[in-house]
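One structure is given below, encoded as structure tokens.
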Amino acid sequence: MTWSDPVVETVLPGVHRAPVPLPHDGLRAINTYLIEDGDGVTMIDAGWDSPLAREAVDAGLAAAGAEIGDVRRILVTHIHYDHVGQATELVRAGAGGYWLGTHETDSFKSVVDDPYAAWRERLAQLRRHGGAELADNREVEPPSLEPVDWDEPIHWAEDGDRYDGGSEPIHAIHTPGHTNGHLCFEHEGRRVLFSGDHVLPHITPSIGFESITNRMALADFLSSLARVRTMDVDLVLPAHGEPFTDLAGRVDELTAHHDTRLAHCVAAIGPGGTADAYQVAGRLGWTRRETPFEQLDLFNKVLATWETAAHLELLAARGELTRDDDGPTITFTAPSPDATG
């Protein structure tokens with residue numbers, strides 16, 4: 001049995017993990033968590049909006065001896081659809097309101113009001129990073145982006161917010177990077193961190209894949225990792241993958257991965273060289289298998305270009321590359337070899 005199988009697991013007394021199926025192969029499920037609380041049930045993340053997702057949530061509630069009307073609050077870690085997707089439907093079915101990070105307001109507005117506007121802006125930014133061919137191909141087969149029928153959260157959560165009610169309140173920790181408004185939630189009484197997509201046990205969270213772009217997404221992510229590294233918790237409950245215990249060790253692995261990636265980006269440009277993000281992405285290997293860029297499908301080529309842009313922007317901010325955005329394409333230049341060396 002794997003973590004994504006639709007089987008409810010009681011990870012701690014009163015804390016249940018219910019994997020919710022996802023309709024694509026990359027990530028097969030998202031973990032929702034049901035916490036038996038003093039005034040009912042607190043839920044972490046809502047899962048994809050589908051009948052199968054609702055069945056998975058109901059199974060988790062049954063393990064807690066509860067039903068949908070017993071859910072007092074839904075704490076959503078971030079704006080991505082697999083996390084907030086069915087929150088509104090659950091609330092309409094009788095659950096209490098849901099929380100979302102206050103720094104997700106712009107992205108929320110874009111997906112509710114006009115998702116195509118954000119999509120077009122991202123294509124324009126992709127062109128600026130050298131990915132004109134990718135943008136052209138995406139425009140040939142535009143995605144179906146109907147505005148979602150989401151009600152606003154009952155609470156736009158700030159860093160440090162705690163909910164009222166319940167026997168042992170959970171507090172929000174703003175951890176931007178994966179998205180600008182990503183939240184982790186710490187349950188001090190149970191010494192648990194619900195890490196969302198910020199710290200995952202086996203995969204590296206994507207950087208910069210959101211409706212409203214953030215040039216410094218990687219800088220934010222690394223700062224957020226450093227912030228949670230020293231937290232005094234016994235167990236980490238991620239949104240994807242099985243629960244794990246060594247928070248500091250996993251943070252160190254993620255940080256080392258990005259340090260290596262930053263060095264590879266500089267090497268891909270070469271001493272004195274100039275390149276855009278699309279060109280650099282094409283010179284790197286991808287996934288743990290080091291798959292060549294040209295073997296990726298269109299969607300993953302787009303993700304790879306965004307990931308590379310985030311690394312190059314951080315290198316420029318650190319002064320290790322020179323950024324030039326005067327032309328139609330944003331380019332990055334590496335220092336020339338020291339002629340006197």
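The values are calculated or read from the model by the stated rules, or taken from the named source; none is laboratory data. Predicted model, so just to flag it, every value in this text is computed and none were measured. Every residue, glycine as well, gets a Cβ built from its backbone with ideal geometry; the counts of neighbours run over all protein chains shown. The accessibility values were calculated without ligands, DNA or RNA, using every heavy atom of the protein model including side chains. Shrake-Rupley method; radii C 1.70, N 1.55, O 1.52, S 1.80 Å.
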### Message
Whole percent per 5 Å bin, from 0 to the bin with the longest distance: what is P(r) over all C-alpha pairs of segment 207-247?
### Response
5, 19, 18, 21, 19, 12, 5
### Task
Sort the following peptides by mean Cβ neighbour count (other Cβ atoms within 10 Å, averaged over residues), highest first: 292-298, 329-335.
329-335, 292-298
### Task
Report, for segment 181-299, the % of DSSP beta bridges that are antiparallel, rounded to 5.
60
### P(r), alpha carbons of segment 234-328 - 5 Å bins starting at zero, rounded %
2, 11, 20, 19, 16, 14, 9, 5, 2, 1, 0
#### Entry: Stokes-Einstein D in µm²/s, Kirkwood radius over Cα pairs - the chain at 37 °C with 0.692 mPa s viscosity
157
### Query
What's the FRET efficiency of M216 with A62 using the Cβ-Cβ distance as r and R₀ = 30 Å, to the nearest 0.05?
0.10
### Percentage, to the nearest whole number, of Cα pairs in segment 27-97 over 17 Å apart
30
### Residue-averaged [θ]222 nm for the chain, counting only DSSP H segments that reach four residues, each worth -39500 (n - 2.57)
-10500 deg cm²/dmol
### Task
Provide the per residue accessible area, probe 1.4 Å, for the chain, rounded to a whole number of square angstrom.
43
### Query
Relative to the longest principal axis of the chain, what angle (0 to 90°, nearest 10) does the C-alpha long axis of helix 217-229 take?
50
## Note on the structure
If exposed means trypsin sites (Lys or Arg not before Pro) lying in a DSSP loop and surrounded by at most 13 other beta carbons within 10 Å, then the longest stretch of the chain lacking such sites spans residues 1-190
### Task
For segment 230-242, just list the computed ³J(HN,Hα) in residue order, Karplus coefficients 6.51, -1.76 and 1.60, θ = phi - 60°, integers in Hz, with x standing in for Gly and Pro.
9, 5, 8, 10, 9, 8, 10, 10, x, 6, 9, x, 7
### Query
With each pseudo-label sitting 7 Å past Cα toward Cβ, what's the D114-V148 distance in nm, one decimal?
2.0
### Query
In nm, what is the difference between 0.36 nm times the number of residues separating T291 and H24 and their Cα-Cα distance?
94.1 nm
### Query
Points 7 angstrom from Cα along the Cβ direction at D325 and E55: gap in nanometres?
4.8
### Task
Search the structure for amide H atoms under 5 Å from the amide H of L237, placed 1.01 Å from N in the peptide plane, and list their residues when 5 or more places away or on another chain.
L193, F194, S195
### Task
Any chance you could give the angle, 0 to 90 degrees and rounded to 10, that helix 298-317 forms with the longest Cα principal axis of the chain?
70
### Message
Could you tell me the extents of segment 1-146's C-alpha atoms along the three principal axes, largest first, rounded to whole Å?
### Response
53, 34, 23
### Query
Computed FRET efficiency, Cβ-Cβ of A132 and D246, R0 45 Å: what is it to the nearest 0.05?
0.55
### Query
At a 1.4 Å probe, what is the % contribution of carbon and sulfur to the accessible area of the chain?
49
### Summary
Amide H neighbours of H171 at under 5 Å, excluding residues fewer than 5 places away on the same chain, with H built from the backbone geometry, are E186, E188
